[in-house]
1. Could you list, in sequence order, all residues of the range 1-36 that are surrounded by fewer than 22 Cβ atoms within 10 Å (Cβ to Cβ), farther than 17 Å from residue 83 by Cβ and in contact with a Leu (Cβ under 7 Å, 6 or more places away or on another chain)?
2. Which residue pairs have Cβ atoms closer than 7 Å, lie 6 or more positions apart in sequence or on different chains, and pair a first residue in the range 60-74 that is near the ligand (Cβ under 6 Å from one of its atoms) with a second residue that is open to solvent by 50 Å² or more (accessible area, probe 1.4 Å) and among the small types (Gly, Ala, Ser)?
3. Quick check on my filter: what residues within the range 228-240 are touching a residue at least 24 places away in the same chain (Cβ under 8 Å) and either more than 22 Å from residue 18 (Cβ to Cβ) or buried (at least 23 other Cβ atoms within 10 Å of the Cβ) (or both)?
4. For the range 191-214, check the following and say yes or no: at least one residue is under 16 Å from the mean Cα position of the chain (by Cα), farther than 16 Å from residue 62 by Cα and touching a residue at least 60 places away in the same chain (Cβ under 8 Å).
5. Here are 153, 205, 197: which of them is hydrophobic (A, V, I, L, M, F, W, C), open to solvent by 40 Å² or more (accessible area, probe 1.4 Å), at pLDDT 95 or above and within 16 Å of the ligand (Cβ to nearest atom)?
6. Scanning for something closer than 27 Å to residue 121 by Cβ and among the hydrophobic types (A, V, I, L, M, F, W, C), does the range 195-214 turn up at least one residue?
7. Would you be able to tell me the number of residues in the range 101-129 that are of a type outside the set (Phe, Trp, Tyr), within 15 Å of the ligand (Cβ to nearest atom) and either in contact (Cβ under 8 Å) with a residue 40 or more places away in the chain or assigned to a loop (DSSP other than H, G, I, E, B) (or both)?
8. Please verify whether residue 290 is part of a helix (DSSP H, G or I) and either at pLDDT 95 or above or basic (Lys, Arg) (or both), treating the condition exactly as stated.
Amino acid sequence: MNLTASIAGITFPTCIMNAAGARCVTAEELEAIGNSRTGAIVTKSMTRDARDGNPSPRYVAFPHGSINSMGLPNLGHQAYVDLIPRLKEFNKPVIASVAGFSPDEFVDIATAIDAVKPDLMEINLSCPNIEGHPQIAYDFDAAEQLLTRIRKVVNRPMGTKLPPYFDPVHHDHMASILEQCRVDFISVINSIGNGLVIDPETDAVVIKPKGGFGGLGGAIIKPVALANVRAFALRFQGRIPIIGVGGIETGQDIYEHLLAGASAVQIGTAFVEEGTQMFARLEQELTTVLESKGLQSSTEAVGRLKEL
Ligand code: RRO
């Protein structure tokens, strides 16, 4: 079975990779990803300076989902500038995820990271967990201005990680901004921001930051993720490739993301729960699903969703 993917001219040995955020902060974690069956190595979103992130507990899994408010813990961009050349030796694409607390910070990090030539750069416009910093991609003018500035300094293929949108008007607006800004790919969706989970035993919230509000991930968000993949796929008509993220635990989940229009997928919550052996399992399961559909490659499934 051919599970390779091509995004922005870069070939991926398989279409299955980790999502930015989970278990991809340190050199050890990133090297473990490099040594696994993953189709790419995606870094944690980086900021200018190293950060410890929010106080714990800050990630909790519950039946069919997870909630997190990590608060951007990362090594600081210089550590990833130093690390990326080593990560490229694993012979699979390296995707550097870039965040920031101001437009200047995004631009400075993107400039420094571009110089060490990651295969792709993913600009995170959708972190829901920093107090006082709203998700940029919900402010369409700010997102457009920021992407316009970053595009000028980035020569590598550049994409953006988006939050979920819940109205077609917002899909229309963001899709036109992304085409205008010459974005090479998108990753959708980030966690569903500012959910709340309550522990029935203690009557308390389950994570400490922001009074318990945090980003939702895992199986419960799959329908929202699929809707966003599909909504952008219908608008882009193949002009901008899509990496589907959200709710993937099985090969069938990956297949559904492909049907909706994703060329590849990223996995967060299930990767946190299962570790690097998950990639081989998902490869196997996806192969079984594709075979049962009479397909020879994952690419053949992309966008093949039927409507009634
Ligand atoms: O670090 C986080 O709290 C975090 C980030 Br940057 C993000 O983009 N999405 C998320 O669920 N958590």
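The values are calculated or read from the model by the stated rules, or taken from the named source; none is laboratory data. What you are looking at is a predicted structure, and each value in this text was computed from that prediction instead of being measured. Please note: Cβ atoms are built from the backbone with ideal geometry, for glycine as well, and neighbour counts cover all protein chains shown. Heads up: the accessible areas ignore ligands, DNA and RNA and are worked out on the full protein's heavy atoms, side chains in. Shrake-Rupley method; radii C 1.70, N 1.55, O 1.52, S 1.80 Å.
1. 1, 3, 8, 10
2. none
3. Correct list: 228, 229, 230, 231, 232, 233, 234, 235, 236, 238, 239.
4. Going residue by residue through the range 191-214, those that are under 16 Å from the mean Cα position of the chain (by Cα) are 191-193.
Pick out the ones that are also farther than 16 Å from residue 62 by Cα and you get 193.
Among the residues that remain, those that are also touching a residue at least 60 places away in the same chain (Cβ under 8 Å) are: 193.
So far as the range 191-214 goes, yes, one or more of its residues are under 16 Å from the mean Cα position of the chain (by Cα), farther than 16 Å from residue 62 by Cα and touching a residue at least 60 places away in the same chain (Cβ under 8 Å).
5. Working: 153 fails: within 16 Å of the ligand (Cβ to nearest atom); 197 fails: open to solvent by 40 Å² or more (accessible area, probe 1.4 Å).
None of the others qualify; the one that does is 205.
6. Looking for residues that are closer than 27 Å to residue 121 by Cβ and among the hydrophobic types (A, V, I, L, M, F, W, C), one finds none in the range 195-214, hence no.
7. 9
8. Values: part of a helix (DSSP H, G or I): yes; either at pLDDT 95 or above or basic (Lys, Arg) (or both): yes.
Answer is yes for this residue.
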